[in-house]
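Encoded as structure tokens, the structure appears first; notes follow it.
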Amino acid sequence: MIMGKSGSGKTTLLNSLGFLDKFDDGKYLFNGEDVTNLNENQKSEFRNKNIGFIFQQFNLIETLDVYHNIELPLIYEGLLNKVDREKLVCEKLESVGLLEKLKSMPLQLSGGQQQRIAIARALVNSPSLIFADEPTGALDSETSNDIMELLKRLNEQGKTIIMVTHDNDLVKYATKVVKLKDGVVSMEV
């Protein structure tokens, strides 16, 4: 878990690690592979294959139903046929307890349901790493606890999750905490 006040650099760090923002200095190694100089297409392909993103505002496509929101990364990857994609989407929806919402539109869902759909989408390509940017920031406390319990279970199942937050109440879910201040690591716990 990466913690810090607003403006401390949490989201910038996450976006740089996830190739959503550019960085000017340094070298980026991912599982021992130098990925510093990938072009934009290579970055997109790398992200889709290796990283799942969970955003505070969910970033679901409002004109697509739940099924197609989750299927999108699989279509982009281009490796599975329609039957296999459907099976995988249904598995991920079931894992977040929302299989019955398969044909619902995002705006028909509660905030907690939208976040669980976003988590299913983040998991559909079986990424080795999940970045979660304030995943409970737009949710009430009960729904936040449900989402954090889901992320905790995913971590216990072997998923690496790097989450940024300013919410001290979420520290209890972390296995490690890194605190940022003015863009610099100020403390590791």
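Remarks
- Taken as a whole, region 1-11 holds no residue that is free of Cβ contacts under 8 Å to residues at least 60 places away in the same chain and surrounded by 14 or more Cβ atoms within 10 Å (Cβ to Cβ).
- From LEU88, LEU80, LEU129, residue being closer than 21 Å to GLU45 by Cβ and touching a residue at least 40 places away in the same chain (Cβ under 8 Å): LEU129
- So VAL89, is it modelled with pLDDT under 95, under 26 Å from GLU134 (Cβ atoms) and of a type in the set (A, V, I, L, M, F, W, C): no
- The set of residues in region 125-184 that are among the β-branched types (Val, Ile, Thr), part of a loop (DSSP other than H, G, I, E, B) and under 12 Å from GLN115 (Cβ atoms) contains only THR136.
- Among the residues of region 36-63, just one is within 19 Å of the chain's Cα centre (by Cα) and more than 24 Å from VAL164 (Cα to Cα), namely GLU62.
- Among the residues of region 17-42, the ones that are more than 18 Å from GLY183 (Cβ to Cβ) and of a type in the set (A, V, I, L, M) come to 3 in all.
- Here ILE54 clears all of (1) free of Cβ contacts under 8 Å to residues at least 60 places away in the same chain; (2) crowded, with 20+ Cβ neighbours inside 10 Å; (3) not acidic (Asp, Glu) except the condition numbered (1).
- Scan of region 108-122 for residues that are basic (Lys, Arg) and in contact (Cβ under 8 Å) with a residue 60 or more places away in the chain, ordered by number: ARG121
Condition check ((1) touching a Lys or Arg at 6+ places or on another chain (Cβ under 9 Å); (2) buried (at least 18 other Cβ atoms within 10 Å of the Cβ); (3) aromatic (Phe, Trp, Tyr); (4) over 20 Å from ILE147 (Cα atoms)) across all residues:
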residue: HIS68; (1), (2), (3), (4): no, no, no, yes
residue: LYS82; (1), (2), (3), (4): no, no, no, yes
residue: GLY97; (1), (2), (3), (4): yes, no, no, no
residue: GLU100; (1), (2), (3), (4): no, no, no, no
residue: GLN108; (1), (2), (3), (4): yes, no, no, no
residue: ILE119; (1), (2), (3), (4): yes, yes, no, no
residue: LEU123; (1), (2), (3), (4): yes, yes, no, no
residue: PHE131; (1), (2), (3), (4): no, yes, yes, no
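- Residue count, region 48-68 (criterion: of a type in the set (D, E, K, R) and closer than 20 Å to MET105 by Cα): 2
- Checked against the criterion of being exposed (fewer than 15 other Cβ atoms within 10 Å of the Cβ), within 29 Å of GLY7 (Cβ to Cβ) and touching a residue at least 24 places away in the same chain (Cβ under 8 Å), region 153-165 contains one or more residues that satisfy it.
The values are calculated or read from the model by the stated rules, or taken from the named source; none is laboratory data. Keep in mind the model is a prediction, meaning the values are calculated, not measured. Here the Cβ is made from the backbone with ideal geometry for all residues, glycine too, and neighbour counts use every protein chain on show.
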